[in-house]
Amino acid sequence: MSLLRTERKAKTRNSDDDMIPMINIVFLLLIFFMIAGQITPRSDDMSLPSSISEAELAESEIEITVAADGVLQLNGEAVQGELSESLNRLKTDEKTVVICRVHSSLPASTLDPVLRAVRALGVSRLQIATELAS
């Protein structure tokens, strides 16, 4: 008698059972988009933090300095015209290291033209000099 009941239960399948895999996929997609989505907008006026790293900067023949007033200097001399033109005049290879010193009161967006110029030069190593946090 109990054998007949289990056969009937197996044959009568609920239509809700077919929806369970779809509900699982919907929740997985919801979790994915919550994690991958941008929750807060980025701020271009972010100030650079101080560094706690005590690692020394590498020896470099190219040093770019951005002063508090936004004036660019390349190896201690003011850049006349575009930074990329001044960088193209220098001898570089794949081992060249560029050190960038930026005044701490400037927004992070100040680095955008510097980073574009260094990327166009084909340099693969860029170090940003920071002050040691006390």
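Here are the numbers for this structure:
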quantity	calculated
Candidate set from region 73-107 (those that are among the basic types (Lys, Arg) and at pLDDT 80 or above); member that is farthest from Arg125 (Cα to Cα)	Arg89
Residues that are farther than 17 Å from Gly70 by Cα, touching an Asp or Glu at 6+ places or on another chain (Cβ under 7 Å) and in a loop (DSSP other than H, G, I, E, B), drawn from region 97-134	Ser124
Search result, residues across region 69-87 that are small (Gly, Ala, Ser) and either part of a helix (DSSP H, G or I) or within 24 Å of the chain's Cα centre (by Cα) (or both)	Gly70, Ser84, Ser86
Pick from region 32-55, criterion surrounded by 10 or more Cβ atoms within 10 Å (Cβ to Cβ) and either modelled with pLDDT of 60 or more or among the hydrophobic types (A, V, I, L, M, F, W, C) (or both), ranking: farthest from the chain's Cα centre (by Cα)	Phe32
Residue count, region 84-121 (criterion: surrounded by 12 or more Cβ atoms within 10 Å (Cβ to Cβ), within 14 Å of Glu61 (Cβ to Cβ) and without any contact (Cβ under 8 Å) to a residue 24 or more places away in the chain)	1
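The values are calculated or read from the model by the stated rules, or taken from the named source; none is laboratory data. Just so it is clear, the model here is predicted, and its values are computed rather than measured. Because the Cβ atoms are built from the backbone with ideal geometry, glycine has one as well, and the counts that use them run over all protein chains shown.
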